[in-house]
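Right, one structure below, let's go through it.
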Amino acid sequence: MCRGGHLVADFVAGTDARPDLPEEFDEHLTTTVNGLWVVWAHKLARQVGDLFVPLTGGSGYPADARATCRVRGVRSAHDAPDPRCTCGFHALSSRTLPGLPVRGGFTALTVALSGRVLAFEWAGGGVLWRAERQTVIHVERPARFDRAAGALGRRRHPGDPDGRAAVVPAATPRDSGPVRLNLPVSSPVLPVCHDDAGWCVESSQFEHSPASLVMT
(Lines give C-alpha, C1' and ligand atoms only; values in the text may rest on other atoms or scores of the structure.)
Protein backbone atom coordinates (compact mmCIF):
# COMPACT_ATOMS: atom_id res chain seq x y z
CA MET A 1 0.00 0.00 0.00
CA CYS A 2 1.07 3.63 -0.26
CA ARG A 3 3.37 4.59 2.59
CA GLY A 4 4.37 8.17 3.11
CA GLY A 5 7.56 9.78 4.29
CA HIS A 6 7.69 12.46 6.97
CA LEU A 7 4.48 13.73 8.52
CA VAL A 8 4.19 17.34 7.34
CA ALA A 9 0.72 18.31 8.59
CA ASP A 10 -1.91 17.12 11.07
CA PHE A 11 -5.13 19.13 10.94
CA VAL A 12 -8.94 19.06 10.97
CA ALA A 13 -11.02 19.69 7.83
CA GLY A 14 -14.76 19.80 7.31
CA THR A 15 -15.41 22.91 9.40
CA ASP A 16 -15.91 26.57 8.50
CA ALA A 17 -12.39 27.35 9.76
CA ARG A 18 -9.77 27.26 7.02
CA PRO A 19 -7.08 24.69 7.95
CA ASP A 20 -3.81 26.28 8.99
CA LEU A 21 -1.55 24.72 6.36
CA PRO A 22 1.62 25.69 4.48
CA GLU A 23 0.96 27.83 1.40
CA GLU A 24 1.85 25.02 -1.00
CA PHE A 25 -1.22 23.10 0.20
CA ASP A 26 -3.67 25.85 -0.76
CA GLU A 27 -4.40 24.37 -4.19
CA HIS A 28 -5.69 21.17 -2.53
CA LEU A 29 -8.35 22.94 -0.44
CA THR A 30 -11.86 23.81 -1.51
CA THR A 31 -15.15 24.68 0.19
CA THR A 32 -18.59 23.14 0.16
CA VAL A 33 -21.79 25.05 -0.55
CA ASN A 34 -22.07 25.53 3.23
CA GLY A 35 -18.60 27.03 3.51
CA LEU A 36 -16.89 23.95 4.99
CA TRP A 37 -13.22 23.48 4.09
CA VAL A 38 -12.27 20.07 2.67
CA VAL A 39 -9.23 18.51 1.00
CA TRP A 40 -9.54 17.67 -2.72
CA ALA A 41 -7.67 14.39 -3.44
CA HIS A 42 -7.46 11.41 -5.81
CA LYS A 43 -7.19 7.62 -5.68
CA LEU A 44 -7.98 4.39 -7.53
CA ALA A 45 -10.60 1.78 -6.65
CA ARG A 46 -12.86 -0.82 -8.22
CA GLN A 47 -16.55 0.10 -8.18
CA VAL A 48 -18.79 -2.83 -7.26
CA GLY A 49 -22.41 -1.74 -7.07
CA ASP A 50 -22.62 1.08 -4.53
CA LEU A 51 -19.23 0.24 -2.99
CA PHE A 52 -15.63 1.05 -3.89
CA VAL A 53 -13.03 -1.68 -3.33
CA PRO A 54 -9.39 -0.59 -2.86
CA LEU A 55 -6.56 -2.39 -4.64
CA THR A 56 -5.71 -4.04 -1.34
CA GLY A 57 -9.08 -5.82 -1.46
CA GLY A 58 -11.67 -6.13 1.26
CA SER A 59 -15.39 -5.51 1.38
CA GLY A 60 -15.17 -1.96 0.05
CA TYR A 61 -16.46 1.36 1.30
CA PRO A 62 -19.53 3.45 0.40
CA ALA A 63 -19.35 6.84 -1.32
CA ASP A 64 -19.30 8.57 2.06
CA ALA A 65 -17.90 7.06 5.24
CA ARG A 66 -15.90 7.67 8.40
CA ALA A 67 -12.98 5.44 9.32
CA THR A 68 -12.28 3.68 12.58
CA CYS A 69 -9.26 1.56 13.40
CA ARG A 70 -9.67 -2.15 13.96
CA VAL A 71 -7.59 -2.79 17.08
CA ARG A 72 -6.69 -5.95 18.99
CA GLY A 73 -6.75 -4.51 22.48
CA VAL A 74 -7.93 -1.58 24.55
CA ARG A 75 -4.39 -0.31 25.16
CA SER A 76 -3.78 0.13 21.44
CA ALA A 77 -7.13 1.78 20.75
CA HIS A 78 -6.95 5.08 18.88
CA ASP A 79 -8.99 7.22 16.53
CA ALA A 80 -8.38 7.03 12.79
CA PRO A 81 -6.16 8.23 11.30
CA ASP A 82 -3.17 7.91 13.59
CA PRO A 83 0.41 8.80 12.57
CA ARG A 84 1.71 5.51 14.03
CA CYS A 85 -0.75 3.32 12.13
CA THR A 86 -2.04 2.68 8.60
CA CYS A 87 -5.69 3.38 9.44
CA GLY A 88 -7.83 5.95 7.67
CA PHE A 89 -8.71 6.65 4.05
CA HIS A 90 -5.67 7.02 1.77
CA ALA A 91 -5.53 9.41 -1.19
CA LEU A 92 -3.00 11.47 -3.14
CA SER A 93 -2.79 15.13 -4.03
CA SER A 94 -2.02 14.37 -7.69
CA ARG A 95 -4.09 12.75 -10.44
CA THR A 96 -1.02 11.39 -12.24
CA LEU A 97 -0.63 7.64 -12.10
CA PRO A 98 3.09 6.84 -12.51
CA GLY A 99 3.69 3.30 -13.68
CA LEU A 100 0.33 1.86 -12.70
CA PRO A 101 -1.88 0.40 -15.47
CA VAL A 102 -5.60 0.92 -15.01
CA ARG A 103 -7.13 -2.47 -15.66
CA GLY A 104 -9.65 -4.90 -14.30
CA GLY A 105 -12.32 -2.27 -13.68
CA PHE A 106 -10.24 0.04 -11.49
CA THR A 107 -11.17 3.68 -11.88
CA ALA A 108 -9.77 7.02 -10.78
CA LEU A 109 -11.78 8.69 -8.01
CA THR A 110 -11.87 12.32 -6.93
CA VAL A 111 -12.62 12.50 -3.22
CA ALA A 112 -13.21 15.15 -0.56
CA LEU A 113 -11.41 14.45 2.72
CA SER A 114 -12.53 15.81 6.08
CA GLY A 115 -12.31 15.16 9.80
CA ARG A 116 -8.77 14.62 11.03
CA VAL A 117 -6.38 14.62 8.08
CA LEU A 118 -2.69 13.69 8.04
CA ALA A 119 -0.36 14.81 5.24
CA PHE A 120 2.82 12.87 4.48
CA GLU A 121 5.60 13.48 2.00
CA TRP A 122 5.29 11.09 -0.94
CA ALA A 123 8.22 10.04 -3.14
CA GLY A 124 5.99 10.01 -6.22
CA GLY A 125 5.51 13.76 -5.86
CA GLY A 126 2.93 15.76 -3.93
CA VAL A 127 1.26 14.58 -0.75
CA LEU A 128 -0.11 11.32 0.60
CA TRP A 129 -3.21 12.05 2.68
CA ARG A 130 -4.83 9.85 5.33
CA ALA A 131 -8.21 11.02 6.53
CA GLU A 132 -10.97 10.26 8.99
CA ARG A 133 -13.76 10.88 6.49
CA GLN A 134 -13.91 10.41 2.73
CA THR A 135 -16.63 11.43 0.28
CA VAL A 136 -16.39 10.24 -3.34
CA ILE A 137 -17.15 13.22 -5.58
CA HIS A 138 -16.34 12.00 -9.08
CA VAL A 139 -15.71 8.62 -10.76
CA GLU A 140 -13.55 8.53 -13.90
CA ARG A 141 -14.82 5.72 -16.10
CA PRO A 142 -12.14 3.28 -17.39
CA ALA A 143 -13.12 3.84 -21.03
CA ARG A 144 -12.27 7.52 -20.73
CA PHE A 145 -9.01 7.07 -18.87
CA ASP A 146 -6.63 6.32 -21.74
CA ARG A 147 -7.99 9.21 -23.77
CA ALA A 148 -7.58 11.60 -20.86
CA ALA A 149 -4.26 10.25 -19.52
CA GLY A 150 -2.19 12.86 -21.29
CA ALA A 151 -4.01 15.65 -19.51
CA LEU A 152 -4.07 14.20 -16.00
CA GLY A 153 -0.79 15.77 -14.94
CA ARG A 154 -1.93 19.32 -15.59
CA ARG A 155 -2.82 21.38 -12.55
CA ARG A 156 -6.52 21.97 -12.08
CA HIS A 157 -8.49 24.06 -9.68
CA PRO A 158 -9.95 21.90 -6.90
CA GLY A 159 -13.45 22.98 -7.93
CA ASP A 160 -13.17 21.21 -11.31
CA PRO A 161 -13.66 17.44 -10.92
CA ASP A 162 -12.76 16.31 -14.44
CA GLY A 163 -11.12 19.27 -16.15
CA ARG A 164 -12.90 18.87 -19.50
CA ALA A 165 -14.85 21.78 -20.92
CA ALA A 166 -18.18 21.09 -22.59
CA VAL A 167 -18.70 22.11 -26.22
CA VAL A 168 -22.17 23.38 -25.45
CA PRO A 169 -22.75 25.15 -22.11
CA ALA A 170 -25.05 23.16 -19.87
CA ALA A 171 -26.29 23.12 -16.32
CA THR A 172 -23.63 23.17 -13.61
CA PRO A 173 -22.48 19.57 -13.00
CA ARG A 174 -23.41 18.02 -9.68
CA ASP A 175 -20.75 18.61 -7.00
CA SER A 176 -18.55 20.68 -9.30
CA GLY A 177 -16.83 22.66 -6.59
CA PRO A 178 -18.28 25.03 -3.98
CA VAL A 179 -21.40 25.77 -6.05
CA ARG A 180 -22.69 22.20 -5.64
CA LEU A 181 -20.38 20.34 -3.28
CA ASN A 182 -22.35 19.43 -0.18
CA LEU A 183 -21.29 16.74 2.29
CA PRO A 184 -23.98 14.43 3.70
CA VAL A 185 -25.09 15.29 7.22
CA SER A 186 -24.10 11.89 8.58
CA SER A 187 -22.04 9.00 7.28
CA PRO A 188 -21.58 5.32 8.17
CA VAL A 189 -18.55 4.34 10.26
CA LEU A 190 -16.44 1.35 9.26
CA PRO A 191 -13.00 -0.11 10.03
CA VAL A 192 -10.44 1.15 7.49
CA CYS A 193 -6.94 -0.19 8.18
CA HIS A 194 -5.67 -1.33 4.79
CA ASP A 195 -6.98 1.23 2.34
CA ASP A 196 -4.72 2.22 -0.56
CA ALA A 197 -4.55 5.24 -2.84
CA GLY A 198 -3.85 2.83 -5.72
CA TRP A 199 -0.59 4.25 -7.03
CA CYS A 200 1.73 1.93 -5.15
CA VAL A 201 -0.17 -1.23 -4.26
CA GLU A 202 1.92 -4.27 -3.41
CA SER A 203 1.01 -7.91 -4.04
CA SER A 204 2.22 -9.07 -0.62
CA GLN A 205 0.01 -9.80 2.37
CA PHE A 206 -0.79 -6.68 4.38
CA GLU A 207 -0.52 -6.56 8.13
CA HIS A 208 -1.95 -3.95 10.44
CA SER A 209 1.27 -2.37 11.73
CA PRO A 210 2.90 1.06 12.04
CA ALA A 211 3.98 1.89 8.50
CA SER A 212 3.12 5.45 7.64
CA LEU A 213 6.53 6.87 8.52
CA VAL A 214 8.55 4.54 6.30
CA MET A 215 8.73 4.80 2.52
CA THR A 216 8.75 1.55 0.54
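The values are calculated or read from the model by the stated rules, or taken from the named source; none is laboratory data. What you see is a predicted model, and the numbers here were worked out from it, not measured in a lab. For neighbour counting, all protein chains shown are included, and Cβ atoms are generated from backbone atoms with ideal geometry for every residue, glycine included.
Being more than 14 Å from Ala91 (Cβ to Cβ) and in a strand (DSSP E or B) is the filter; apply it to the stretch 37-63 and report the residue that is farthest from the chain's Cα centre (by Cα). Applying the filter and picking the extreme gives Val48. The single condition among (1) touching a Cys at 6+ places or on another chain (Cβ under 8 Å); (2) modelled with pLDDT of 90 or more; (3) of a type outside the set (A, V, I, L, M) that Gly14 does not meet is (1).
Filtering the stretch 29-46 to residues that are surrounded by fewer than 19 Cβ atoms within 10 Å (Cβ to Cβ) and hydrophobic (A, V, I, L, M, F, W, C) leaves Leu29, Val33.
Within the stretch 69-90, restricting attention to residues that are of a type outside the set (D, E, K, R), outside any loop (DSSP other than H, G, I, E, B) and modelled with pLDDT under 90, the residue that is nearest to Ala108 (Cα to Cα) is Ser76.
Here the stretch 180-216 is the region considered, the condition is being crowded, with 21+ Cβ neighbours inside 10 Å and touching a Leu at 6+ places or on another chain (Cβ under 6 Å), and the residue that is modelled with the lowest pLDDT is Trp199.
Tally the residues that are surrounded by fewer than 17 Cβ atoms within 10 Å (Cβ to Cβ) and not acidic (Asp, Glu), restricting the search to the stretch 9-24. Walk me through it before giving the result.
Quick first cut of the stretch 9-24, residues surrounded by fewer than 17 Cβ atoms within 10 Å (Cβ to Cβ) only: 9-12, 15-18, 20, 22-24.
If we keep only those that are not acidic (Asp, Glu) as well, we get 9, 11-12, 15, 17-18, 22.
The total comes to 7.
Scanning the stretch 35-54 for residues that are touching a helix residue (DSSP H, G or I) at 6+ places or on another chain (Cβ under 9 Å) and of a type in the set (Gly, Ala, Ser) yields one hit, Ala41.
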